[in-house]
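Please read the structure below before turning to the comments.
The values are calculated or read from the model by the stated rules, or taken from the named source; none is laboratory data. All of these numbers come straight from a predicted model, not from anything done at the bench. FYI the Cβ positions are ideal-geometry reconstructions off the backbone, even for glycines, and counts take in every protein chain you see.
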């Protein structure tokens with residue numbers, strides 16, 4: 001499985017679109033393994049946007065991204081980077097396809113609701129930039145057997161164990177919950 005970073009930007013937070021955005025990723029079948037609300041730090045953003053530092057809009061972008069807290073997500077799934085980029089749509093929201101997050105909710109290039117990692121390599125760096133290792137949580141998602149076919153899930157399961165049926169997973173989760181209570 002691959003991982004990717006998504007940032008719900010200040011306009012997405014301010015416009016109360018957090019639930020709508022997260023719901024689209026979940027409905028697609030991506031698993032949330034990291035999630036937090038955080039006011040991004042200038043040093044993080046300088047590193048994150050270093051490739052844009054010579055652009056005339058750079059300072060406006062920095063001011064915008066530090067204006068209010070953002071939601072940061074680490075999503076996991078088969079081809080997660082490409083899947084998320086498809087769901088998000090074109091960076092220029094006016095050109096984004098209807099049905100994508102930007103196509104449905106944004107009209108701007110900068111205030112375009114979300115940031116999504118562009119490649120697997122960039123995703124790894126971005127996740128490390130914004131998340132500590134202990135903030136990423138591995139777990140078995142009970143609906144996993146309904147999202148991927150047998151060969152896809154067995155090939156990519158992180159612990160390389162044989163997959164259990166949904167009933168077995170449900171029973172295991174119920175037993176663990178009972179032990180906690």
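So that you can scan it fast, the table gives a plain yes or no per residue for (1) within 11 Å of the chain's Cα centre (by Cα); (2) more than 18 Å from residue 125 (Cα to Cα); (3) surrounded by 15 or more Cβ atoms within 10 Å (Cβ to Cβ):
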{"residue": "11", "(1), (2), (3)": "no, yes, yes"}
{"residue": "14", "(1), (2), (3)": "no, yes, no"}
{"residue": "21", "(1), (2), (3)": "yes, yes, yes"}
{"residue": "25", "(1), (2), (3)": "yes, yes, yes"}
{"residue": "31", "(1), (2), (3)": "yes, yes, yes"}
{"residue": "42", "(1), (2), (3)": "no, no, no"}
{"residue": "46", "(1), (2), (3)": "no, no, no"}
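Remark: residue 6 falls outside the filter, which requires a residue to be touching a helix residue (DSSP H, G or I) at 6+ places or on another chain (Cβ under 8 Å), within 21 Å of residue 123 (Cα to Cα) and assigned to a helix (DSSP H, G or I).
Just one of 100, 119 is under 25 Å from residue 47 (Cβ atoms) and modelled with pLDDT of 95 or more; which is it? Criteria check complete, one pass: 119. Within the range 49-81, the residues that satisfy the criterion of being under 19 Å from residue 12 (Cα atoms) and outside any loop (DSSP other than H, G, I, E, B) are 60, 61, 62, 63, 64, 65, 70, 71, 72, 73, 74, 75.
Could we say that residue 104 is part of a helix (DSSP H, G or I), surrounded by 15 or more Cβ atoms within 10 Å (Cβ to Cβ) and not assigned by TED's automatic domain parsing to the domain that holds residue 152 here? In short, yes. With respect to being in the same structural domain as residue 58 (by TED's automatic domain parsing), surrounded by fewer than 13 Cβ atoms within 10 Å (Cβ to Cβ) and either at pLDDT 85 or above or out of contact with any strand residue (DSSP E or B) (no Cβ under 6 Å at 6 or more places or on another chain) (or both), residue 76 falls outside the description. For the range 31-41, the criterion of being assigned to a loop (DSSP other than H, G, I, E, B) and in contact with a helix residue (DSSP H, G or I) (Cβ under 8 Å, 6 or more places away or on another chain) is met by at least one residue.
Among all residues of the range 61-71, there is at least one that is under 23 Å from residue 100 (Cβ atoms), in contact with a strand residue (DSSP E or B) (Cβ under 6 Å, 6 or more places away or on another chain), surrounded by 12 or more Cβ atoms within 10 Å (Cβ to Cβ) and touching a residue at least 40 places away in the same chain (Cβ under 8 Å).
Scanning the range 130-152 for residues that are under 16 Å from residue 38 (Cα atoms) and surrounded by 14 or more Cβ atoms within 10 Å (Cβ to Cβ) gives 130, 131, 135, 136. Return only the number of the condition from (1) touching a helix residue (DSSP H, G or I) at 6+ places or on another chain (Cβ under 9 Å); (2) free of Cβ contacts under 8 Å to residues at least 60 places away in the same chain that residue 15 does not satisfy. Condition not satisfied by residue 15: (2).
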